[in-house]
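The values are calculated or read from the model by the stated rules, or taken from the named source; none is laboratory data. Worth saying up front: this structure is predicted, and the values here are computed from it rather than measured. For neighbour counting, all protein chains shown are included, and Cβ atoms are generated from backbone atoms with ideal geometry for every residue, glycine included.
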Amino acid sequence: MIAVNPKATQTFADGVQTAHSVAYDARQAVQEIHAAFAAPDLKLVIFFCSREYDREALSEEMNRAFSGIPVVGCTTAGEFGAAGYRDHSLSAVSLAGEHFSVAVARIDGLAGFETSHGREVAADLRRRLQQAGSAATHEDTFGLLLIDGLSTREESVAGSLQNGLERIPLVGGSAGDGQAFQATYVFADGTFHSDRAALALISTALPFTVMKTQHFVATDTRAVVTASDEHRVVREIDAWPAAEGYARLLGLDVGALDPSIFAKSPLVVVINGTNYVRSIQKANRDGSLTLYCAIEEGVVMRMVRGVDLFENLENAFAEIRVEIGQPRLFIGFDCLLRRLDCARLGLIPQVNELFRSNNVVGFNTYGEQFRGVHVNQTFTGVAIGSARAADDDG
């Protein structure tokens with residue numbers, strides 16, 4: 001029997017509960033999560049699990065423990081919660097009681113996904129919430145998206161869902177596979193599957209806000225994508241072979257490009273005045289660059305300069321507390337590259353404490369979604385405040 005870390009679970013009021021199991025056995029991990037979620041009238045359970053768990057055993061135990069309750073989840077590139085950053089754990093959150101109304105949809109067959117389907121899914125979930133008594137507007141509702149992180153379909157899925165949701169904010173994360181990049185899985189309707197997404201539309205009377213932050217600032221150095229394809233491959237930058245064009249912008253020889261350079265020097269695009277990071281996955285033998293996001297020919301990219309990662313994150317949470325008070329819960333989607341950067345800089349202990357003090361639960365992703373835009377090397381999510389804060393505002 002593996003001992004349970006008593007610090008690895010937390011319970012909050014207002015119908016919000018979180019738990020984080022570090023048990024190595026899948027069934028035991030689910031049992032520990034279930035034991036922490038003692039509230040009646042559960043509306044939704046969301047979980048994030050290590051790729052190392054036996055998915056069949058985890059599915060069976062989830063279905064047994066939470067029979068009749070909507071459950072969505074995904075595999076990760078790392079989990080975080082009360083036990084901090086972990087690589088073999090199960091982190092989860094439950095929403096219960098009068099403060100929440102929930103509608104959930106499963107989207108399969110992403111390889112053949114059509115944008116019209118995304119709009120239809122979003123519209124259907126809004127209708128279901130309205131029938132349950134919610135206004136289902138941006139003032140009381142937000143969307144959470146979990147999606148296969150190797151599908152390369154995040155842009156079209158997130159964009160079409162956001163289009164259907166109109167002003168309702170959508171945030172989410174791309175499922176991970178540790179650092180293997182072989183297969184990622186989304187859990188919905190009782191099963192794990194690749195080529196899948198799950199959307200949870202959540203209405204609440206509690207105050208909430210969505211957040212996006214990254215520790216990069218755009219500079220005035222610009223470059224144009226002059227050739228790319230639908231597989232997230234950039235073939236030319238400023239009419240140079242992409243790797244060479246990128247290296248020239250950094251003042252480096254192309255032979256010096258490696259993952260550490262890509263992590264420190266991503267590219268950004270500006271959309272409606274907001275910077276969105278476009279990270280580079282690898283340089284290819286033919287001189288092209290593979291990115292973690294799609295990017296079209298003719299797009300103007302900017303080089304970046306880094307800022308202090310921890311200070312940037314600390315300031316983002318301070319802004320949340322000003323807006324809605326101390327979060328009862330923050331569901332977070334944190335890029336794998338950011339976690340690797342935290343480790344490189346020795347920031348893991350500080351970030352763990354910041355996450356604990358702001359009640360953060362989530363996972364390390366292969367990409368993030370914010371208001372329907374797919375990004376990289378970014379921390380996104382939704383913060384939910386307390387009923388007391390809502391009453392004080394009134």
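Number of residues in the stretch 325-342 that are surrounded by fewer than 20 Cβ atoms within 10 Å (Cβ to Cβ) and either touching a Ser or Thr at 6+ places or on another chain (Cβ under 6 Å) or among the charged types (D, E, K, R) (or both): the value is 1.
Could you run through the stretch 144-165 and say how many residues are free of Cβ contacts under 8 Å to residues at least 60 places away in the same chain and over 16 Å from F370 (Cβ atoms)? Total satisfying the criteria: 4. Within the stretch 250-289, the set of residues being touching a Phe, Trp or Tyr at 6+ places or on another chain (Cβ under 9 Å), of a type in the set (A, V, I, L, M) and within 24 Å of G372 (Cα to Cα) comprises L267, V268, V269, V270, V277, I280. Take G133 and tell me if it is farther than 17 Å from A198 by Cβ, modelled with pLDDT under 95 and in contact with a Lys or Arg (Cβ under 9 Å, 6 or more places away or on another chain). When the stated conditions are applied, G133 does not pass them.
Of all residues in the stretch 275-288, those satisfying the criterion of being surrounded by fewer than 20 Cβ atoms within 10 Å (Cβ to Cβ) and without any contact (Cβ under 8 Å) to a residue 60 or more places away in the chain are Q281, K282, N284, R285, D286, G287.
Within the stretch 233-241, can one find any residue that is of a type outside the set (S, T, Y), buried (at least 17 other Cβ atoms within 10 Å of the Cβ) and closer than 19 Å to F181 by Cβ? Checked against the condition, which is being of a type outside the set (S, T, Y), buried (at least 17 other Cβ atoms within 10 Å of the Cβ) and closer than 19 Å to F181 by Cβ, the stretch 233-241 yields at least one hit.
Take the conditions crowded, with 20+ Cβ neighbours inside 10 Å and part of a strand (DSSP E or B) and apply them to F355. Does it pass? Step through it out loud before you land on a result.
Values: crowded, with 20+ Cβ neighbours inside 10 Å: yes; part of a strand (DSSP E or B): no.
No, not satisfied.
Every test in (1) in contact with a His (Cβ under 8 Å, 6 or more places away or on another chain); (2) at pLDDT below 95; (3) basic (K, R) is passed by R86 save one, and that test is (2). For the stretch 341-349, state whether one or more residues are modelled with pLDDT under 95, in a strand (DSSP E or B) and under 30 Å from A247 (Cβ atoms). So far as the stretch 341-349 goes, no, none of its residues is modelled with pLDDT under 95, in a strand (DSSP E or B) and under 30 Å from A247 (Cβ atoms). For the stretch 184-242, a tally of residues being among the small types (G, A, S) and assigned to a loop (DSSP other than H, G, I, E, B) returns 4. Among the residues of this structure, R232 counts as one that is farther than 30 Å from D54 by Cα, touching a Phe, Trp or Tyr at 6+ places or on another chain (Cβ under 8 Å) and of a type outside the set (V, I, T). Tell me which residues, restricted to the stretch 26-54, are surrounded by fewer than 17 Cβ atoms within 10 Å (Cβ to Cβ), without any contact (Cβ under 8 Å) to a residue 60 or more places away in the chain and acidic (D, E). Passing the criteria: D41, D54. One residue stands out in the stretch 83-101 among those that are in contact with a Ser or Thr (Cβ under 8 Å, 6 or more places away or on another chain) and surrounded by fewer than 23 Cβ atoms within 10 Å (Cβ to Cβ): the one that is nearest to N352 (Cα to Cα), namely A83. Applying the condition of being at pLDDT 90 or above and farther than 24 Å from S203 by Cα to the stretch 2-25 and asking which residue is surrounded by the fewest Cβ atoms within 10 Å (Cβ to Cβ) yields Y24.
Quickly run through the stretch 287-334 and pick out the residues that are closer than 23 Å to N364 by Cβ, in a strand (DSSP E or B) and modelled with pLDDT under 95. T290, L291, V304, G306, listed by residue number.
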